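Below: the structure, in structure tokens.
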Amino acid sequence: MKAAVIVFPGSNCDRDLATAFRQAGAEVEMVWHKDTELPAGTDVVGVPGGFSYGDYLRCGAIAARSPICGALKRHAEKGGFALGVCNGFQVLTETGLLPGALMRNRGLRYICKTVPLRVETAATAFTEGYAEGQQIALPIAHHDGNYTLDADGVARLRDEGRIAFTYVDNPNGSVADIAGVLSANKRVLGMMPHPERAADSALGQPDGSALFRALCGAFAAA
Amino acid sequence: MKARVHVMLKDGVLDPQGEAVRHALGSLGFEGVEGVRQGKVIELDLAEDDAGKAEAQVREMCEKLLANTVIESYRVEVL
């Protein structure tokens, strides 16, 4: 599998994300925000966490209009895979590839801690390494992770099995405890928790590594 | 020509910052503040000198970047 990890000015989880992909067996290429095309043969685009463009205007707003995100949109529209973590999730909602928006945390505080999550669906290339209903623990580190979507939108996500992860103990006010959502074709996943920060047993419980292994495995099997 | 854009969270979208400001006003002794909504103001200097065209241009900017219409509404003033 070939992954392309986007680097924006202010990204700070890009190398962690690249390492997690590599450890799962992927070939990884870093791409710069000013690039207009993804590397040939890119299977999965990683949109990393951080503070792209200093979070100016709205988190992810400027990044979503950068040249590389034009290529990301074309990749997704052709059925390509993408994983956005934290700021990357904010970027994916700002591009319109995922529904909803991430607002300031309900308690207004930046939260940095490992939280329990529930895997809501195992029927995706990202989550098939987990069991539906399984509880895992991943770190969160965000100020704007309060997922917001109207009631009809939430009902649609539920009906279509597009809620990937929920918080067991909602830390930020997200509607329906949502921590991660999928596109209609389930090939684009955005999530606030950081699987790449929990993908190496040297750094604690590696609950995130199953996500990268499953994704790489999906391509190995294809 | 100058234009001013007011971006506000849509009605019905909970504004945690506005709520915090409301609580702070209460603790300063300002009574009867029943709601606070916080938004942003963006001022633009435009080369365009036709008010109608300027407004159309700024509206397009709002739709494409300045506002996230999932959660925000906007109002354009051409000055």
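The values are calculated or read from the model by the stated rules, or taken from the named source; none is laboratory data. Please read these numbers as outputs of a predicted model, since none were measured by experiment. Here Cβ is always computed from backbone atoms with ideal geometry, including for glycine, and neighbour counts include all displayed protein chains.
Side notes on the structure shown:
- Just one residue in the set A:LEU102, A:LEU149 is at pLDDT 95 or above and either under 16 Å from the mean Cα position of the chain (by Cα) or away from every other protein chain (no Cβ under 13 Å) (or both); that residue is A:LEU102.
- Residue within the stretch A:142-152 that is within 17 Å of A:TYR130 (Cα to Cα) and not small (Gly, Ala, Ser) present: no
- Residue that is nearest to the other protein chains (Cβ to nearest Cβ), among those in the stretch B:50-60 that are closer than 25 Å to A:LEU92 by Cα and free of Cβ contacts under 8 Å to residues at least 24 places away in the same chain: B:GLU60
- At least 3 residues being of a type in the set (A, V, I, L, M, F, W, C) and in contact with a Lys or Arg (Cβ under 8 Å, 6 or more places away or on another chain) is the threshold, and among the strands (runs of 3 or more DSSP E) wholly inside the stretch B:1-78 those reaching it are B:2-9, B:40-45.
- The stretch A:113-128, subset within 18 Å of A:GLY84 (Cα to Cα) and assigned to a strand (DSSP E or B), residue nearest to the other protein chains (Cβ to nearest Cβ): A:LEU117
- Residue within the stretch A:197-208 that is touching a Leu at 6+ places or on another chain (Cβ under 9 Å) and within 14 Å of chain B (Cβ to nearest Cβ) present: no
- Restricting B:ALA3, B:ALA47 to those that are exposed (fewer than 12 other Cβ atoms within 10 Å of the Cβ), away from chain A (no Cβ under 12 Å) and farther than 27 Å from A:ASN105 by Cβ reduces the list to B:ALA47.
- Total residues in the stretch A:132-146, condition more than 14 Å from chain B (Cβ to nearest Cβ) and of a type in the set (Asp, Glu): 1
- So B:GLY18, is it away from every other protein chain (no Cβ under 11 Å) and either within 24 Å of B:VAL70 (Cα to Cα) or surrounded by 12 or more Cβ atoms within 10 Å (Cβ to Cβ) (or both): no
- Restricting the stretch B:63-79 to residues that are within 12 Å of another protein chain (Cβ to nearest Cβ) and buried (at least 17 other Cβ atoms within 10 Å of the Cβ), the residue that is farthest from B:GLY12 (Cα to Cα): B:LEU66
- You will find that of A:THR42, A:THR36, the residue that is within 23 Å of B:GLU63 (Cα to Cα), away from chain B (no Cβ under 14 Å) and polar (S, T, N, Q) is A:THR36 and no other.
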